[in-house]
1. Got a sec? How would LYS75, LYS36 order by Cβ neighbour count within 10 Å, fewest to most?
2. Whose amide H sits under 5 Å from the amide H of ILE91, counting only residues 5 or more places off or on another chain, with H placed in the peptide plane?
3. Are there any chymotrypsin sites (Phe, Trp or Tyr not before Pro) in the stretch 34-143 that are in a DSSP loop and have at most 10 other Cβ atoms within 10 Å? List them by number.
4. Could you tell me what fraction of 2.2 N^0.38 Å the Cα radius of gyration of the stretch 33-140 comes to, as a two-decimal ratio?
5. So which GluC sites (Glu not before Pro) in the stretch 82-143 pass both tests, a DSSP loop state and at most 13 other Cβ atoms within 10 Å of the Cβ?
6. Could you give me the ³J(HN,Hα) list for the stretch 88-100, computed from phi with Karplus coefficients 6.51, -1.76, 1.60 and θ = phi - 60°, whole Hz, x at Gly and Pro?
7. Cut-off is 10 Å between beta-carbons; in what order do VAL37, VAL127 appear when sorted fewest neighbours first?
8. Collect residues whose amide H, placed 1.01 Å from N in the peptide plane, falls under 5 Å from the amide H of THR112; neighbours closer than 5 in sequence don't count.
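Derivation of every value follows stated rules applied to the coordinates shown; laboratory data play no part. What you see is a predicted model, and the numbers here were worked out from it, not measured in a lab. When we count neighbours, we look across all protein chains shown, and the Cβ atoms used for this are built from the backbone with ideal geometry, even at glycine.
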Amino acid sequence: MRKTTRVNSLTPIAIVLVLASAYGFWYKNSRGKIRKVEKPAEGAFNAEILGEDLGVRATLVQFSSAFCTPCRATKALLQNVVAEMPDVRHIDIDAEAHLDLVRKLDIRSTPTTLFLDSRGVEVGRAVGAPRRDQVLDALSALQ
């Protein structure tokens, strides 16, 4: 009888550990990856919406917040990449100051980076901090 009680008391702990581990693996694998946008949003972005001119070939629009450490790392990475490409622009938008735009674009966490083509149409999105090679691959697809 004691053995059954011990097993029954450990079962909820085991279930919580399995679920927490599964969520952790999913979360880690979903952050920072650049996903193609299958159905672009209606209309395109322009300088009036973003507050700055678009790049000739592409524009990286980063939504960040003041106390977000990954946002600072992402900003440095994107500025570094853009410095090597004169036809690509990086625009950093403070999510807290532009809540209407955040809601409209369904930005759920920071950093989120939108990849816009030369027309200002969203073609990709990275939630979390992307790696340099991922950014370069996404930009090379916009040739």
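1. Details: LYS75 18, LYS36 11.
So the ranking, lowest neighbour count to highest, is LYS36, LYS75.
2. When sequence neighbours closer than 5 places are left aside, the close amide H contacts are LEU60, VAL61, GLN62.
3. PHE67
4. Against the compact-globule rule of thumb, the ratio is 0.96.
5. GLU84
6. So the J values, rounded to whole Hz, are 10, 10, 10, 10, 9, 10, 6, 4, 5, 8, 10, 4, 5.
7. The most exposed by this proxy come first: VAL37, VAL127.
8. PHE63, GLY128
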